[in-house]
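Participant: I am attaching a structure below and will ask some questions about it afterwards.
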Amino acid sequence: MRNLSLQGEVRHALPLRLNREHHDECAGRSAVSGKIVAVIRNSSHDGHLDVDINDDSVDYHRDDANEDFSSHHLSAQPPAVFVMISEGKLLALDGNDRLVWTVDLEKVVLDSNLEQDDEEGASTTLSEARSEWFYAAGFLQEESPEASNTNNTDTILGLNIHDRASLHITCLSHAGHVVSVSVESTNSIVSRNGSPEDGSECIGTFENGLECGGWSPDGEVLALVTFASEDEEGNAIQTENGQFRVPILMTMNTQYEILAEVRLEPCLYAEEQSNNIGNGSSEEAIHPNAITFCWRPDSSSLAVSTMDANVKTTNEKAETNPLRRIRTFSRTTLQLLSLSKEEDGSGRDVPNILPASPTWAPAGCSHYVGALQSSRSLSSKSSARGRPISMQVAFMEPNGLRHRECKIHMTYNRMNENEEVVGVAFNLDGDLLAVTSLVTPLTNGSQSEQKSVCMYGKLQLYHRSNYHWYLKYELRYGGGVISSSSAIISKAKFSEEDPYQIMVALDRRHLDAVDNSFPSLE
């Protein structure tokens, strides 16, 4: 068994406020008022991050994270990393965590709508109600020779613009917006003191929103899940009290052309106004009806988890009940490959699968899909009393049959806290499994007592040895009382190059203040 230990931690702090002179409508707005959704390394950046990793070290890059960043404070260095915030801001930071530029994705969408509608006197003021942006990732998009020859500058902010493939960042929102940010174009525009939004394009908007989506690991296929308004014959879909909808799974290429699409089984709908799950509720909780998915590491197929509305039970009454199931589809045609089932040959569905995004193990783990599972339904009345509910990551083989599991150690204080597991992820070699949790203190005290406690995040690392999983390390970002170390984990992702390095995005909450950072652990 591998002897795992924390070798070091490098922490990067984001700028708290942004005040750009040519962005008057955004002046004073917090640059990081939402949670961190994605952290993208710039592979074109020649330099290295100016940090040292020492045993038991924590290196904070910045002492001036509370400063206002007006235009004269912006860095002229090339971007080393890109961070997307859920409120719709894409931040480019240099190797010292200095702000290079910021793209307001909501403004990109607004400008695109105004160009299409060409309305006289239309207001260009950004709405205070911003949509939630849930995904961002970079991919290399082929550039035409004509486009490459339109600019005579060889390099802009350290990037070679004559490369045939340039870095683009795709950003997705639950409102249905798809925005593509050209890193090279934005660098060029910013170097000429232009608006950074001019280097971005709103590819389109899905009128029924987007539930989830993401690029394949090879960066060639984009998978999206939206909803259908009409059935296959063109008739409007009638849903009973709006309780369920018909999802559409589709794939696109790097030019955003549709490759294939398929309708899924009707599923329960994740209403925006409800965020409750299990025994606790919080704004960070995953909706029990959310649709989630993951790609297979070799990009050949993908797994989609949905709360199907009408699943036949095995009793004599032939009743139907909602049940979460996981299906796998081929990459090219979206042909159904498997459906989650128990391995005993009975044909029974796997019960009590939870909405956290599934994770697909690499070849070293037989390419099975890991999904969070509870010992019994979290919505049942018995869940609020009696013996505690146990959690595990259930593994499903490529044929959909459940086989083995990783038991999760619930290490919270059951008398004073409630814990919700919100994420699972394999590392590159498949021998480490990261489990992230949200711990909510339970208090019935006065308002002052309630303000003195806060939610905090927890990260557990499990190691596989001889087909068994063992808890090897646990990190807690707080302990129920507001302090400088209290934080919620908004994202945990293993490195795509080093299997034993993980990035953890933190959302710190000190009373009314929010401070975001993303430590890297080895």
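Participant: For the stretch 323-346, give me each residue that is touching a strand residue (DSSP E or B) at 6+ places or on another chain (Cβ under 7 Å), open to solvent by 40 Å² or more (accessible area, probe 1.4 Å), assigned to a loop (DSSP other than H, G, I, E, B) and within 12 Å of ARG402 (Cα to Cα).
Facilitator: GLU343
Participant: Let me ask you something else. Of ALA371, ALA394, ALA361, which residue is small (Gly, Ala, Ser) and touching a Phe, Trp or Tyr at 6+ places or on another chain (Cβ under 6 Å)?
Facilitator: Only one candidate qualifies: ALA361.
Participant: What pairs come up if the first residue lies in the stretch 208-236 and is acidic (Asp, Glu) and surrounded by 21 or more Cβ atoms within 10 Å (Cβ to Cβ), the second is part of a loop (DSSP other than H, G, I, E, B) and at pLDDT 95 or above, and their beta carbons are under 6 Å apart, counting only those six or more places apart or on different chains?
Facilitator: These pairs meet every condition: GLU211/ILE291.
Participant: If ILE169 satisfies every condition in (1) in a loop (DSSP other than H, G, I, E, B); (2) closer than 30 Å to PRO362 by Cα; (3) out of contact with any Leu (no Cβ under 6 Å at 6 or more places or on another chain) but one, which is the exception?
Facilitator: Against the list (1) in a loop (DSSP other than H, G, I, E, B); (2) closer than 30 Å to PRO362 by Cα; (3) out of contact with any Leu (no Cβ under 6 Å at 6 or more places or on another chain), ILE169 comes up short only on (1).
Participant: Quick check on this structure: which one of ARG508, ARG476 is part of a strand (DSSP E or B), modelled with pLDDT under 90 and open to solvent by 60 Å² or more (accessible area, probe 1.4 Å)?
Facilitator: ARG476
Participant: Further question: Residue by residue through the stretch 353-372, note down the ones that are hydroxyl-bearing (Ser, Thr, Tyr) and at negative phi. So that I can check it myself, show each step before the final result.
Facilitator: Going residue by residue through the stretch 353-372, those that are hydroxyl-bearing (Ser, Thr, Tyr) are 357, 359, 366, 368.
Result: SER357, THR359, TYR368.
Participant: Against the conditions (1) in contact with a Lys or Arg (Cβ under 8 Å, 6 or more places away or on another chain); (2) modelled with pLDDT under 95, where does VAL221 fall short? Just the number, please.
Facilitator: (2)
Participant: Please go through the stretch 78-128 and pick out each residue that is of a type in the set (Ser, Thr, Tyr), at pLDDT below 90 and not in a loop (DSSP other than H, G, I, E, B). Give the derivation first.
Facilitator: So in the stretch 78-128, the residues of a type in the set (Ser, Thr, Tyr) come out as 86, 102, 112, 123-125, 127.
Going one step further and asking which of them are at pLDDT below 90, we end up with 112, 123-125, 127.
SER112, the sole residue that qualifies.
Participant: Next question. Given the residues SER144, SER131, which is the only one that is among the small types (Gly, Ala, Ser), at pLDDT below 75, open to solvent by 20 Å² or more (accessible area, probe 1.4 Å) and closer than 30 Å to GLY213 by Cβ? Break it down into steps so the answer makes sense when it comes.
Facilitator: Working: SER131 fails: at pLDDT below 75.
The conditions single out SER144.
Participant: Could you say whether any residue in the stretch 180-193 is at pLDDT 95 or above and closer than 27 Å to SER301 by Cβ?
Facilitator: Looking for residues that are at pLDDT 95 or above and closer than 27 Å to SER301 by Cβ, one finds at least one in the stretch 180-193, hence yes.
Participant: Within the stretch 419-434, take every residue that is farther than 16 Å from SER375 by Cβ and not aliphatic (A, V, I, L, M) and give me the one that is most open to solvent (accessible area, probe 1.4 Å). Spell out how you get there, then give the answer.
Facilitator: First, the residues of the stretch 419-434 that are farther than 16 Å from SER375 by Cβ: 422-434.
Next cut, not aliphatic (A, V, I, L, M) only: 423, 426-427, 429-431.
On the way: GLY423: 16, PHE426: 21, ASN427: 7, ASP429: 73, GLY430: 0, ASP431: 22 Å².
Within the stretch 419-434, the match that is most open to solvent (accessible area, probe 1.4 Å) is ASP429.
The values are calculated or read from the model by the stated rules, or taken from the named source; none is laboratory data. Computed from a predicted structure; not experimentally measured. We place every Cβ from the backbone using ideal geometry, glycine too, and count neighbours over all the protein chains shown. Heads up: the accessible areas ignore ligands, DNA and RNA and are worked out on the full protein's heavy atoms, side chains in. Shrake-Rupley method; radii C 1.70, N 1.55, O 1.52, S 1.80 Å.
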